[in-house]
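The values are calculated or read from the model by the stated rules, or taken from the named source; none is laboratory data. These numbers were taken from a predicted model, which means no experiment stands behind them. Heads up, the Cβs are rebuilt from the backbone with ideal geometry, glycines too, and the neighbour counts pull from every protein chain shown.
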Amino acid sequence: MDTEASTQPSTLSRSRSSIREALLNTQWGFDAYMRLRWGGTRRDWPSTGRINRALMSQEEVSQSVAEANSLKLPPCEDAPKTWDTLAALRAVLEATTTDAVVLDAGAETYSRFLPWLYLYGYRNLHGINLVFDKPFRQGSIQFENGDITRTRFPDGHFDAIACLSVVEHGVDLEAYFREMSRILKPGGVLITSTDYFETPTDTQGLTAYGAPIHVFDRDEILQGVEIAKGYGLGLTSDLDLRCQDKVVRWHPYEHQYTFISIGMKKTGSA
């Protein structure tokens, strides 16, 4: 066996990956990649994806995926996440303009929310997560270490914040809404999605990401809404807490539930 020959492809692959990563970290490289791979910034707004309601069925997932494809948006790794990511995208597009400063609270590099906004012409984009050990960029998207309940940002800094599938991982809702309100501008919007089913879900005491697995129920969502009100965050529309199907299955835990997406607006100075 030719050891040198067998290792050459993997070395070449790593080199290509490093070059690609370096290019994507530059503004021009990221912009060129996004334009070549996904097209320019002129595209229709999504027509599916509604906030202040739950994901009801697999059909809604399929509709969301089909629309993301038709809009030439990079696909989500997990198909049901397309639904709440589209809902967050639509909410931000409706509430802001492309010069808005936007935060993904609890961002992952595989999350599509910020790249989708980039494709709609947004450039002041930020993502924080405790897993990031140092600041880095993907074009004009700035990622850095950060706790969503205690950020470094000044008061009234953001026009819009999305926090998608994060608060169910042991986040203190009091601290969360207090901090989100603090860093939002008056009139700014907060979109929160989380694991949900109308009736309580037995998670059997299991943990993930260092915290107990939790699926919010109807009463807990209503409690969260009341907490948010105390910090000047009001619902952007009536909240529909009805459920239909348990669309989401979390492997390897085999828990079944759905998602809910909640939109709020900072109405006061709290």
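Would you mind stating whether Ala228 is out of contact with any Phe, Trp or Tyr (no Cβ under 8 Å at 6 or more places or on another chain), assigned by TED's automatic domain parsing to the domain that holds Leu173 and closer than 21 Å to His169 by Cβ? Outline the logic, then answer.
Numbers: out of contact with any Phe, Trp or Tyr (no Cβ under 8 Å at 6 or more places or on another chain): no; assigned by TED's automatic domain parsing to the domain that holds Leu173: yes; closer than 21 Å to His169 by Cβ: yes.
The answer is no for Ala228.
Take Ile262 and tell me if it is closer than 27 Å to Glu77 by Cβ and touching a residue at least 60 places away in the same chain (Cβ under 8 Å).
Details: closer than 27 Å to Glu77 by Cβ: yes; touching a residue at least 60 places away in the same chain (Cβ under 8 Å): yes.
In short, yes.
Name every residue in segment 210-234 that is crowded, with 16+ Cβ neighbours inside 10 Å, farther than 15 Å from Thr199 by Cβ and out of contact with any Leu (no Cβ under 7 Å at 6 or more places or on another chain), in order of residue number.
Matches in segment 210-234: Ala228, Lys229, Tyr231, Gly232.
Can you run down the residue pairs with Cβ atoms below 7 Å, 6 or more apart or on separate chains, where the first is in segment 166-177 and in the same structural domain as Ala88 (by TED's automatic domain parsing) and the partner is part of a helix (DSSP H, G or I) and among the β-branched types (Val, Ile, Thr)?
Qualifying pairs under 7 Å: Leu173/Ile227; Glu174/Ile227; Phe177/Ile227.
Please tell me if Pro154 is closer than 19 Å to Arg112 by Cα, assigned by TED's automatic domain parsing to the domain that holds Val92 and exposed (fewer than 15 other Cβ atoms within 10 Å of the Cβ). I'd like the intermediate steps shown before the answer.
Values: closer than 19 Å to Arg112 by Cα: no; assigned by TED's automatic domain parsing to the domain that holds Val92: yes; exposed (fewer than 15 other Cβ atoms within 10 Å of the Cβ): yes.
No; evaluated as a whole, the condition is false for this residue.
Looking only at segment 115-165, count how many residues are touching a Pro at 6+ places or on another chain (Cβ under 7 Å) and acidic (Asp, Glu).
Looking only at that region, the number is 1.
Looking at segment 38-77, which of the residues that are of a type in the set (D, E, K, R) and touching a residue at least 12 places away in the same chain (Cβ under 8 Å) is farthest from Arg112 (Cα to Cα)? Break it down into steps so the answer makes sense when it comes.
From segment 38-77, those of a type in the set (D, E, K, R) are 42-44, 50, 53, 59-60, 67, 72, 77; that's our starting set.
After this cut, where a residue has to be touching a residue at least 12 places away in the same chain (Cβ under 8 Å) as well, the list is 43-44, 50, 53, 60, 67, 72, 77.
Numbers: Arg43: 16, Asp44: 17, Arg50: 17, Arg53: 21, Glu60: 18, Glu67: 14, Lys72: 12, Glu77: 9 Å.
It comes out as Arg53.
Identify, from the list Gly106, Gly146, the residue that is under 29 Å from Asp219 (Cα atoms), modelled with pLDDT of 95 or more and among the small types (Gly, Ala, Ser).
Values: Gly146 fails: under 29 Å from Asp219 (Cα atoms).
Just a single option satisfies the conditions, and that option is Gly106.
Can you name the helices (runs of 4 or more DSSP H) wholly within segment 15-108 that have at least 1 residues being within 14 Å of the chain's Cα centre (by Cα)?
Numbers: elements: 27-38, 58-70, 81-95.
It comes to 81-95.
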